Each structure stands twice: as structure tokens, then as C-alpha cells.
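Following: one structure in C-alpha cells, then a few remarks.
The values are calculated or read from the model by the stated rules, or taken from the named source; none is laboratory data. The structure presented is a predicted model; accordingly, all values stated were derived computationally and were not measured. In this analysis, Cβ positions are derived from the backbone assuming ideal geometry, glycine residues included, and neighbour counts consider all displayed protein chains.
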Amino acid sequence: MSPSVSADQWLAAAKHRRTVYGLKGTSAVSDKRVEEIVSEVLSFSPSSYNTQPVRITLVTGEKHKQLWDIIIKTSEPILKGAGEAVWATLSGVFESHKASYGSVVFWESGDSIKAAGEKHQSAAHMFGQFAEHTTGMAQILVWTALELEGLGANLQHLQAIPPVEAEIKKFLQVPDDYSLKAHLNYGDEPGPHNTTVPEKLPLSETLKVVN
Ligand SMILES: Cc1cc2nc3c(=O)[nH]c(=O)nc-3n(C[C@H](O)[C@H](O)[C@H](O)COP(=O)(O)O)c2cc1C
């Protein structure tokens, strides 16, 4: 069966994805539809040896606000310890993330990585790295799909502050072996979708064709 989208259409869709800040606290796309999109990504996204280390928590509406309240409260003393100026900047950034509508939280299952190493012993030393690749693939698919539905999104990494990760795990009630990999905030866009791709290095530096 030939695919119903061409490579050019697929690339145009992928190129539509941008980092969007200042998101609104609304979503024109229903929670049910976002859940369908996330489920669809989990149903086909690749992983090494099909070991599937990715876990996702979808958090919407008031729960998203509560999640960000916890992030803000836990990070405050730590960021203030880094300097009042750091807190002044980041508290504003975090409040803007709280103001968005929902979060798609990406975890890595430590138990699944351990099991993969036991099952495929010759590649055991690779499964940590493979899991990093695998989550990135799932993240880009979800991020792109949500923006194709008309939403905006931005990717955050709260695991940078370990006590914050611990509080997020508690609030979202995930198993101990999970580790936080990424946090995609989403919501309606504050303005027209930005189609400008940030400047990239010249291909002469990033691509070499050998033939
Ligand atoms: C692995 C990775 C980590 C990122 N981490 C963050 C982050 O912690 N906070 C943030 O605001 N953006 C983050 N970004 C978004 C990048 O800053 C953004 O993708 C880049 O500037 C290019 O802009 P674009 O997303 O519009 O193409 C991350 C992107 C990637 C791929």
C-alpha cells in the first residue's frame, strides 16, 4: 500500500512545528483528541528492539495549573539560592508556562531499560542511550501533531532541578523507576503561527554526501 502523504508533505508538516511561548490557558482541541494523538504516537513510535521505554502523562486544565504551582513552589528556594535575579527571571517564565492549558509529560521507565538489557545482553550497555533517542522520537511526533491540530507548544526540562522532578513524580503518581525526560506545555497560540525557522548552520558544515 502506498502512503497517502508524500515525503514533501511529511517534511512540510514537520517544518510547521515551532517553539511557541506565551500560550493561552485554553485549548481549541479537546482533551479527548489530544489523548488520541498521544495514544497514536505511542502505538507506532519506534524504539530499539521494540523495548518501548517511553511513558507519558497527559495533564490538562486545573491539574496543569496545580502541576505548575508545585514546580514553582519547589523551585523557588533553589532558584533564589542561585540569586534573586535568577528567580526574578525564571519565576516569570514558569508563570507563563502555568498560564498555558496542558502538559504532555514524557518519562523513561527504568525497569523497561533494565529488562531490555537482561533480554538483549550483548546490547545491554546501549539501552540508556537508546532510550534517550526513543523519547526524542516520541516527543517530536507529539509536538508536531499538536501544532498541526492548531495548538502551540514548548518543551521544558524540569529534571534540571532534581527536587522538582521528585515532586512532579509524587503529584502525578508515577512509579519510582520512572525518570522525567521532557515536559511539553501546550495551549492555544497567542497570535498567528510563526513559520520562520531559526537560522541554521550552513549545510557545508552539517552535511557531507559520500558517493
Ligand atoms: C533536546 C531539546 C531540548 C530543549 N529544551 C528546551 C527547554 O528546556 N526550554 C525551552 O524553552 N526550549 C527548549 N527547547 C526548544 C529549542 O530552544 C528550540 O527547539 C530551538 O530554539 C529551535 O526553535 P524551534 O523549536 O522553533 O524550531 C529544546 C529543544 C530540544 C530539541
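Some values worked out for this structure:
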{"quantity": "Residue list for the stretch 119-131, restricted to those being in a helix (DSSP H, G or I), more than 16 Å from Lys181 (Cβ to Cβ) and in contact (Cβ under 8 Å) with a residue 40 or more places away in the chain", "calculated": "Lys119, Ala123, Met126"}
{"quantity": "Any hit, the stretch 185-205, residues being surrounded by 17 or more Cβ atoms within 10 Å (Cβ to Cβ), closer than 24 Å to Pro77 by Cα and under 17 Å from the mean Cα position of the chain (by Cα)", "calculated": "yes"}
{"quantity": "Residue identified as within 13 Å of the ligand (Cβ to nearest atom), among the aliphatic types (A, V, I, L, M) and either outside any helix (DSSP H, G or I) or out of contact with any Lys or Arg (no Cβ under 8 Å at 6 or more places or on another chain) (or both) among Ala166, Ala116, Ala145, Ala153", "calculated": "Ala153"}
{"quantity": "From Thr89, Thr51, residue being over 19 Å from the mean Cα position of the chain (by Cα) and within 16 Å of the ligand (Cβ to nearest atom)", "calculated": "Thr89"}
{"quantity": "Scope the stretch 152-196; condition under 15 Å from Arg17 (Cα atoms) and in contact with a helix residue (DSSP H, G or I) (Cβ under 7 Å, 6 or more places away or on another chain); matching residues", "calculated": "Ala153, Leu155, Leu184, Asn185, Tyr186"}
{"quantity": "Residue in the stretch 65-83 that is among the hydrophobic types (A, V, I, L, M, F, W, C), at pLDDT 95 or above, more than 17 Å from the chain's Cα centre (by Cα) and not in a helix (DSSP H, G or I) present", "calculated": "yes"}
{"quantity": "Qualifying residues in the stretch 1-46 (those that are of a type in the set (Asp, Glu) and free of Cβ contacts under 8 Å to residues at least 24 places away in the same chain) - the one nearest to the ligand (Cβ to nearest atom)", "calculated": "Asp8"}
{"quantity": "Failed condition for His64, given (1) closer than 26 Å to Gly110 by Cβ; (2) of a type outside the set (Ser, Thr, Tyr); (3) in contact with a helix residue (DSSP H, G or I) (Cβ under 7 Å, 6 or more places away or on another chain); (4) surrounded by 19 or more Cβ atoms within 10 Å (Cβ to Cβ)", "calculated": "(3)"}
